[in-house]
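The values are calculated or read from the model by the stated rules, or taken from the named source; none is laboratory data. This structure is a prediction, so every number in the text was calculated from the model and none was measured. Positions of Cβ are backbone-derived with ideal geometry, glycine not excepted, and every protein chain shown enters the neighbour counts. To get the accessible areas, we keep the full protein, side chains included, count just its heavy atoms, and leave off ligands, DNA and RNA. Shrake-Rupley method; radii C 1.70, N 1.55, O 1.52, S 1.80 Å.
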Amino acid sequence: MIEIRNLSKHFGDVKALKNINLSVQQGEFFGLLGPNGAGKTTTVNILSTLLKPDDGSVTLNGLDLLSDPRGAKRLLGVVPQELALYEELSAADNLHFWGKLYGMQGNSLKARIRHLLEFMGLNDRGNDRLTTFSGGMKRRVNLAVALLHDPVILFLDEPTVGIDVQSRHRIYEILGKLHQQDKTIVYTTHYLEEIERLCERVAIIDQGEIKAEGTLDSLRQLIQGDSEVLVMLDDISLKTAPADPLPAGVRLTDEGLLGSGDDVNDLVQKLVTICSARGWNIRDIELKSASLETVFLQLTGKELRD
Ligand SMILES: Nc1ncnc2c1ncn2[C@@H]1O[C@H](COP(=O)(O)OP(=O)(O)OP(=O)(O)O)[C@@H](O)[C@H]1O
Ligand SMILES: [Mg+2]
């Protein structure tokens, strides 16, 4: 459905994308996970024809995006990272404006707007100006704009940043419905829980490179050890890293000491030994399957934002 081959893009000295290769299947919910400046927006901008790559090719449903951007635009809808809305206009008028830009008009546009406002749970607010909307409501209008021409592919660039948890959940519900409608979705985020909740496959991007790609399970298997053990500690002040370093595969988290390895018994013993050597009181011991966070940390050597 979406084939990205050897995609590169630079801005001056910055290599924003370095030879990216990705395939997304029809109807798939695909996540692009990466920290600040990883190249997520650059990727989405190229995929949505806003930006031309230096090198490489993209096909959507077999259609070459670079040679036929107008054809590509009919297939895709994009929800940009920054809201593209007129605050002084009502939600319906914003949709009307964008619909006309897409070449839609008359009763079919009106019917489409009514349907989308309803789909977004905004039908009673359609005639209110966006200045009166919450951040989450504006995000839903932004999403409605992307869906006006009923595209089969949807690109979403961090569509839940800066909104509260409840509003996020409303967007997840809407995205779940779109997934059921067999839309092909590419979703960028730096929130791991969104990837775990929404996505069937994920690529981890950092400094313009794809570090890993696959299902969540296959990514978890990439890292050493299949399981993780968390030793919860009594005193949260112990969170500060100790002067002498912890052994490989062991680190301190918000809750306690986390270790990964393939033998759970060995692992528990190792962690308990570390705790007793340091005089740390153990509150509880929990067995976990390796988290995507650990995968991310191992692949990129850095934490995601907040
Ligand atoms: N128009 C531009 N001019 C110069 N540099 C740019 C431009 N757009 C992006 N960059 C640089 O390219 C790199 C990738 O940026 P991009 O916006 O794609 O990252 P991102 O993953 O979307 O980050 P964020 O999570 O902050 O949105 C960064 O180093 C960025 O500074
Ligand atoms: Mg971005």
Task: region 66-159, accessible area per residue, ligands and nucleic acids excluded (1.4 Å, Å²) - done: 48 Å²
Task: For region 38-104, size of Cβ-based charge dipole, Lys and Arg +1, Asp and Glu -1, in debye - done: 220 debye
TODO: Considering the convex hull of the alpha carbon atoms of region 2-215, report its projected area averaged over all viewing directions, in nm², one decimal.
DONE: 11.4 nm²
TODO: Compare the Cα positions of Q207, L148, S167 along the charge dipole of the chain (+1 at Cβ of Lys, Arg; -1 at Cβ of Asp, Glu; about the Cα centre) and return the one farthest towards the positive end.
DONE: L148
- [ ] Pick out the long, greasy-scoring helices in the chain: whole DSSP H runs spanning 15 Å or more along their own axis by Cα, mean Kyte-Doolittle at least -1.0.
- [x] 91-101, 106-119, 135-147, 165-180, 264-278
Open item on the list: Take M232 and R283, extend 7 Å from each Cα along the Cα→Cβ direction, and tell me the distance between the two endpoints in nm.
Closed with: 0.6 nm
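Of the heavy-atom accessible surface of the chain (probe 1.4 angstrom), what whole percent is carbon and sulfur?
Using a 1.4 Å probe with all protein chains present, the chain comes out at 47 percent carbon and sulfur.
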Open item on the list: To the nearest 20 Debye, how big is the dipole of the chain about its Cα centre, given +1 on the beta carbon of each Lys and Arg and -1 on that of each Asp and Glu?
Closed with: 1200 debye
Task: Top of A84, A248, A38 by mean-square fluctuation, Gaussian network on the chain, Cα under 10 Å - done: A248
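For region 1-53, what is the accessible area per residue in Å², given a 1.4 Å probe and the full set of protein chains?
41 Å²
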Task: T253-N36 FRET efficiency (beta carbon distance; Förster radius 25 Å; 0.05 resolution) - done: 0.70
